[in-house]
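Please read the structure below before turning to the comments.
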Amino acid sequence: MQLSSTFASLLALVSISWASSTPHGHGERVVRFPLTRKSADVAGHVDLSTLEAQFIRFSNKYRQTFSAFEANTGSAHPLSGKMMSSISKRGDGVVPLINEGSDLWYGEIEVGTPKQKFNVSIDTGSTDLFLPSVSCIDCGGHVMYNAAQSSTAKDKGQFTVLSYGQGDVMGEEYSDDVFLGGYEASNQTFLAATVYSPDFSYPNFLPDGLAGFAFENISALGAKSIFETTSDSGVLPSSVFGVKLSSTSGESELCIGAADTNLYIKDTLTYTDVTVKGYWQVNLEAVSRDGTTVASNNASIIDTGTTFIVTNDNSAEAYYKDIPGSSNSTQGDITYYTIPCDTIGSYTPTFTFGGRSFSVSEETFNAGPASEGSSDCLGGIAGTSIVGEYFISCSMCVSQVPFFNISVLDFWVVGDVFLQNVYTVFDKENLQVGFAELA
């Protein structure tokens, strides 16, 4: 199978416009960010180079956030497989993080006193915030943070290297007041970068920086996310944010402080507990296809920063097994599958959380023709087997340092292929994730 040209249907850039505030409950303020999908060049088939780059970012993201979990808690994450005891700790000058790329949701935040405005990628699969500083090298095209102009900025005296798959981001750790839709995250810790790798050069990376919405336990900076800091201050009506993703312009939204009840069918909202605090990790009760269960009782991570649904090779193979005309191709650690375009709609998955089943539409499961003129289309579930020893990339280090070893990916990462079909509620107070059918 040969994959080629533009994968725009799933990897188109998405932006968050400035938030609007509306009353909720007893006059409490809820902040809603309307999400819109930017137009992109559409060639009508898959761009292999873009797809491979996304999965490189995916692999690095989970390798490195697993490392942060161990550094912060002193124990290996239950999903991480075997972890080496020589893992680097904070203070060694190297802290791992991941380049999420320019295909994420992004929107405006404000930092400092007076406020400086930045666009940042927003991702439920990571935690940390970084921004380019005014001293940043290769940051042309980005708005840069000026600590000297903020009366609330504090230099934490920690020079940090955030290590990425294809480069480094280096700079000083700062704390400052960060504003998300008018809500304040006081003394928020973040990295003010003085060096950006080419991955973050404009226009390769359109936002100025990145902000995670997961938990402190997977923070490479050992810090709370913007959402955690804001929630812990007690200013939110509820320690919740809700997400609707859609490829249709004007129909997507991020809601801070509540779920937007106008966007989902209320009696279908079903919660499932977060099983390990770090990621938004929940039990995936079942994955079925055409009425047949192909996986059951698997750990899963709910990740708006991943486009595909990704699982281990065995589970992916089980999903596509016996589908007439299906085939696969392995590129690096990732195995992609195709199904004839005229029948792919008959083999879309159903996911069960909290006792309720939610179906994935053909529109989101079908990533498009595998190549120009191909009658085979790429399915939205991919397999991976991540095996081996990985190394810290550090331009300031004399030699590479063993990072850690992952034996096999034995969980599901539930990305936008699924999430575009449901309204998702991330509930920090009760440590649960809710899914509901869209209104």
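The values are calculated or read from the model by the stated rules, or taken from the named source; none is laboratory data. Only a predicted model underlies this, so the values are computations on that prediction, with no experimental measurement involved. In this analysis, Cβ positions are derived from the backbone assuming ideal geometry, glycine residues included, and neighbour counts consider all displayed protein chains.
Observations
- Segment 321-341, residues that are surrounded by 17 or more Cβ atoms within 10 Å (Cβ to Cβ) and more than 18 Å from Val310 (Cα to Cα): Ile323, Pro340, Cys341
- Here the condition is being over 30 Å from Ala76 (Cα atoms) and outside any helix (DSSP H, G or I); of Phe190, Phe179, it holds for Phe179 alone.
- Look at (1) modelled with pLDDT of 90 or more; (2) touching a Lys or Arg at 6+ places or on another chain (Cβ under 9 Å); (3) β-branched (Val, Ile, Thr) and you find that Thr306 fails only one, number (1).
- Output for segment 63-82, where each listed residue is touching an Asp or Glu at 6+ places or on another chain (Cβ under 9 Å) and at pLDDT 75 or above: Ala68, Asn72, Ala76, His77, Leu79, Ser80
- Meets criteria (touching a residue at least 12 places away in the same chain (Cβ under 8 Å), within 22 Å of Tyr423 (Cα to Cα) and not in a loop (DSSP other than H, G, I, E, B)) for Ser300: yes
- Taken over segment 238-265, the criterion of being in a loop (DSSP other than H, G, I, E, B), among the hydroxyl-bearing types (Ser, Thr, Tyr) and closer than 28 Å to Asn366 by Cβ is satisfied by Ser246, Ser247, Thr248, Ser249.
- Hits in segment 326-378 (condition: part of a strand (DSSP E or B) and among the polar types (S, T, N, Q)): Ser327, Asn328, Ser329, Thr330, Gln331, Thr335, Thr338, Thr350, Thr352, Ser357, Ser359, Asn366
Residue-wise test of (1) surrounded by fewer than 24 Cβ atoms within 10 Å (Cβ to Cβ); (2) in contact with a Ser or Thr (Cβ under 9 Å, 6 or more places away or on another chain); (3) modelled with pLDDT under 95.
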| site | (1), (2), (3) |
| --- | --- |
| Val243 | no, yes, yes |
| Thr248 | yes, no, yes |
| Ser252 | yes, yes, yes |
| Thr268 | yes, no, no |
| Asp273 | yes, no, no |
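- Enumeration of residues in segment 128-169 that are at pLDDT below 85 and either at negative phi or of a type in the set (Lys, Arg) (or both): Thr160, Val161, Leu162, Ser163, Tyr164, Gly165, Gln166, Asp168, Val169
- Filtering segment 208-237 to residues that are part of a loop (DSSP other than H, G, I, E, B) and under 13 Å from Thr127 (Cβ atoms) leaves Phe213, Ala214, Phe215, Ser219, Ala220, Leu221, Gly222, Ala223, Lys224, Ser225.
- So Thr338, is it over 22 Å from the mean Cα position of the chain (by Cα) and without any contact (Cβ under 8 Å) to a residue 12 or more places away in the chain: no
- Counting the residues of segment 361-405 that are modelled with pLDDT under 60, over 25 Å from the mean Cα position of the chain (by Cα) and not small (Gly, Ala, Ser) gives 6.
- Subset of segment 252-293 (residues that are in contact (Cβ under 8 Å) with a residue 12 or more places away in the chain and among the charged types (D, E, K, R)): Glu253, Asp260, Lys266, Asp273, Lys277, Glu285, Arg289, Asp290
- Condition check for Ser327: among the polar types (S, T, N, Q) and over 25 Å from the mean Cα position of the chain (by Cα): yes
- Residue list for segment 342-388, filter: of a type in the set (Val, Ile, Thr) and either under 24 Å from Thr292 (Cα atoms) or crowded, with 22+ Cβ neighbours inside 10 Å (or both): Thr343, Ile344, Thr348, Thr350, Thr352, Val360, Thr364, Ile381, Thr384
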